[in-house]
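A short worksheet on the structure shown next.
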Amino acid sequence: MPVFKHPQILIASNLTDGEVVFLGSSGWERDHRRARVARKAEEATALEALGKRDISANRVVDVYLADVEIGSDGAPTPLHYREKMRVKGPSVRLDLGKQAGEGAL
Amino acid sequence: MTAVDLRVAQRPNAPMTTYRYDEYDAAFVSERVAEFREQVNRRLSGALTEEEFRPFRLMNGLYLQLHAYMLRVAIPYGTLTARQMRRLADIADKWDKGYGHFTTRQNLQYNWPKLVDTPDILESLADVEMHAIQTSGNCIRNVTADHFAGVAPDEIEDPRPTAEFLRQWSSLHSEFSFLPRKFKIAVTGAAHDRAAILVHDIGLRIVKNDTGEIGYQVVVGGGLGRSPFIGKVVGDFVPREDLLAFLEAILRVYNRFGRRDNKYKARVKILVHEKGIDEIRAAVEAEFAAMDRSAFAHDPEEFERIAAFFAPPPYESLPATSALLRAAKLETPAFANFVDVNVGAHKIPGYAIVTVSLKPIGGVPGDATSAQMRVLADASERFGFGELRVSHEQNIILPHVKQDDLFALWSMLDAAGLATANAGLVSDIISCPGLDYCSLATARSIPIAQAISKRFSDMSRQRRIGKLGVKISGCINACGHHHVGAIGILGLEKKGQESYQITLGGDPTFSASIGEILGPGVTAEQVPDVVEHLVDYYLAEREEGEAFIDTWRRIGHARFKDVLRREGEDGADI
Ligand code: HEM
Ligand code: SF4
């Protein structure tokens, strides 16, 4: 098992429209700030188990844990630039994607 | 009636010069759409798992990307009718976000389709004889061709009948839908290679032998990606009647020896590289001699039937040069620049080939809005027999424009933001989607292209620099052809940051070469500086008539490396 270094959130793509979603406390959220944060390895494993369940339930695909840091407001922000992009949308089209308030579940 | 008249009579608004589906093709495509609709339904109901569904969606050009699904639509041999272009625009508006991305594989990619909508999109495409088949997966991918096919003055024969002939042959061969890896074929019929045939799995060059007979020089084992290779000649002159059998022999040798154990090694280029071209040639020749070739006999009638679809449009007889054009150039310098840079010679007197750049300064290379697609469709109908081409440089070509009409066309394009006069210049950058869209990316590529384009926004400076291919990929898969850029840029990840490796000396034409690494990776901010220094160095060193690549070849890589090293000493951390 990989070493647990940072808090983590579970990230996935919604099956029907491909939108990026995050596992929250009551289901999948499209806003990463509402993601449930795993602060310990066991919590991350629990998130992954929920992810597997929802893969089997054909709700999401491409599910994985992403490292985050927690801001002063308590909301998680991804650490890696790839996931930083995924929570916003294309950096060359600021008028599209989550950063433009698009998408809904 | 001639073949063209017949088609016009049968179909109002008929495309003049592209392949028209017959009943078989139409049935095949609509069956595939129905089949995919069923597969999507079964996926949504949970009857298919993602693992089971994935190969089906890839076979239909549907990928899952960073922010959404992505649908890749084939534009076989890059030829498109006005009606098809309008349909692409309509789909962008109805099911996507009002734009599309033209790629180096002569495809169009939609970046935001919903899974639930894709069967409807495919149906809408099928209605205008388009599809997304063979745009992904380990099959023979859509065959690409010179985008100046049929109109270039340096052409021996239009490569598109060959490309279409091969497309039909490969679509029919289900055993080749499960090759060890994907397989890409490109065809050119011209003296200059605009189709990058030396970096495809198989490249075909139409040639004439001493007796004037037409045949093919067959090149095998080219490719980019993780291990770039220039293709090698496996057949110097393959007569047309032997072409299918010869390609079949290559595929059999590949299927027999190709490595399926390791996906990075499964490409034909690796086989050619590991065994050597002599051994491969011997194996192909032996297979060719031994096989029952009757099943692959050339069908001249079928070839002629296909070729008739590419018959030239009804050109007028015109003087070779246009007084109107000359006058308009004198009057409007911006137009004169456009003509000098984006307009090429046509084989028919009085006509011209127009490249419409999809690389406005600071824009996203290859992107077109639905409104722009409609302008292009209208322009092609008003000025170019309703035909368009997509080039692997991610631009649109209007292949038959009367010189007399160039000014009116330019005015129309200019009003739609489509008259950037940079074809082939430093800001005509090939860029893959990179980390702005692509889930495989290790770094962004579009913003790098934009930054370089802005750095060279002075168009007169660009013209002074001359032909220069800058090509950018966002990961080692090399979709942006960086290996064959005179200046190639590869986005990588280094210590959690985006980092860019620069190569020099790549060339995608008959004089093909793979670029050499300049030095350690640089940051995104440094890329435009480095490119500018390299360009300035070339300008200082170049001799009369030399393009960047020529100067680089003459004075050598080391001298250019010194430029970067010196810059590092000047304080930049590179
Ligand atoms: C955005 C989604 C895309 C994905 C997931 C993707 C994926 C890939 C992959 C995995 C390869 C590796 C091939 C190998 O080494 O076997 C590849 C190669 C290639 N792709 Fe893409 N690609 C994408 C977009 C594009 C675009 C937009 C273009 C055109 C601009 C393109 C053109 C190519 C070309 C020309 C190659 C050839 C490399 C070779 O010759 O080996 N791809 N792509
Ligand atoms: S080169 Fe890499 S980043 Fe660019 S489109 Fe291809 S797979 Fe994606």
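The values are calculated or read from the model by the stated rules, or taken from the named source; none is laboratory data. These figures come from a predicted structure and were not determined experimentally. Every residue, glycine as well, gets a Cβ built from its backbone with ideal geometry; the counts of neighbours run over all protein chains shown. Ligands, DNA and RNA are excluded from the accessible area calculation, which covers all protein heavy atoms including side chains. Shrake-Rupley method; radii C 1.70, N 1.55, O 1.52, S 1.80 Å.
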Legend entry - Whole-Hz ³J(HN,Hα) from phi, Karplus 6.51 cos²θ - 1.76 cosθ + 1.60, for segment B:347-359, glycine and proline x: 6, 9, x, x, 10, 8, 9, 10, 9, 9, 6, 9, 10
Inset, instruction - Tally up the carbon and sulfur contribution to the accessible surface of segment B:144-308 as a whole percent, 1.4 Å probe, everything protein left in place. - result: 50 percent
Legend entry - Cα-based shape type of segment A:8-98, given that a ≥ b ≥ c are square roots of the gyration tensor eigenvalues and the cut on a/c is 1.5: oblate
Inset, instruction - Provide a whole-number value for the mean count of partner chain Cβ atoms within 10 Å of the Cβ atoms in peptide B:66-76. - result: 4
Legend entry - Net +/- balance of residues flanking residue B:197 in space, Cβ distance below 11 Å, scoring K and R +1, D and E -1: 0
Inset, instruction - Specify the inter-centroid distance of segment B:430-500 and segment A:1-33, based on alpha-carbon positions, in whole Å. - result: 31 Å
Legend entry - Estimated 222 nm signal from helices in chain B, with DSSP H stretches of n ≥ 4 weighted -39500 (n - 2.57), rounded to 500: -12000 deg cm²/dmol
Legend entry - Sum of -39500 (n - 2.57) over DSSP H runs of 4+, divided by residues of chain A (222 nm, nearest 500): -6500 deg cm²/dmol
Inset, instruction - Please report how far the C-alpha centroid of segment B:388-412 lies from that of segment A:40-105, rounded to the nearest whole angstrom. - result: 44 Å
Inset, instruction - Could you order B:208, B:494, A:84, B:359 so the one with the most accessible surface comes first? Probe is 1.4 Å. - result: B:208, B:494, A:84, B:359
Inset, instruction - Using a 1.4 Å probe and counting only protein heavy atoms, arrange B:95, B:169 so the residue with the most accessible area comes first. - result: B:95, B:169
Inset, instruction - Name the lysines eligible as straight-distance cross-link partners of residue A:40: C-alpha to C-alpha under 21 Å, and not fewer than 8 places from it in the same chain. - result: A:5, A:52
Inset, instruction - Just reorder B:71, B:440 by solvent-accessible area, largest first, 1.4 Å probe, all chains present. - result: B:440, B:71
Inset, instruction - Check cross-link reach from residue B:467 to the lysines: straight Cα distance under 16 Å, and skip same-chain residues fewer than eight apart. - result: B:359
Inset, instruction - Based on the mean of other Cβ atoms within 10 Å per residue, sort peptides A:54-61, B:336-343 so the most packed one is first. - result: B:336-343, A:54-61
Legend entry - Exercise: per-residue mean of other protein chain Cβ atoms within 10 Å, A:11-17: 5
Inset, instruction - With a 1.4 Å probe on protein heavy atoms only, work out how much accessible surface A and B bury together, total over both chains, in Å² to the nearest 100. - result: 2200 Å²
Inset, instruction - May I ask for the distance between the Cα centers of segment B:207-235 and segment B:521-543, given as a whole number of Å? - result: 34 Å
Inset, instruction - Give A:88/B:454; B:232/B:269; A:84/B:495 a once-over and call out the pairs whose C-alpha atoms are over 18 Å from each other. - result: A:88/B:454
Inset, instruction - Kindly identify the protein assembly as shown as rounded, prolate or oblate by the Cα gyration tensor criterion: order the square roots of the eigenvalues as a ≥ b ≥ c, call it rounded if a/c is under 1.5, otherwise compare a/b with b/c, prolate if a/b is larger, else oblate. - result: rounded
Inset, instruction - Can you tell me the relative contact order of segment B:430-569? Whole percent, Cα pairs under 8 Å, sequence separation 6 or more. - result: 19 percent
Inset, instruction - Kyte-Doolittle cut-off -0.5, length cut-off 20 Å along the helix's own axis using Cα: show which whole DSSP H helices in chain B pass. - result: B:243-257, B:526-541
Inset, instruction - Filter the GluC sites (Glu not before Pro) in segment B:282-349 down to the DSSP loop ones having no more than 16 other Cβ atoms within 10 Å, then list what survives. - result: B:316
Inset, instruction - State the percentage of accessible surface on segment B:503-556 attributable to carbon and sulfur atoms; use a 1.4 Å probe and exclude ligands, DNA and RNA. - result: 51 percent
Inset, instruction - Pull up the cross-link candidates among the aspartates and glutamates for residue B:275, meaning alpha carbon to alpha carbon under 20 Å and not fewer than 8 places away within one chain. - result: B:201, B:236, B:248, B:261, B:285, B:287
Legend entry - Accessible area of residue B:131 in the full protein assembly, 1.4 Å probe (Å², nearest 10): 20 Å²
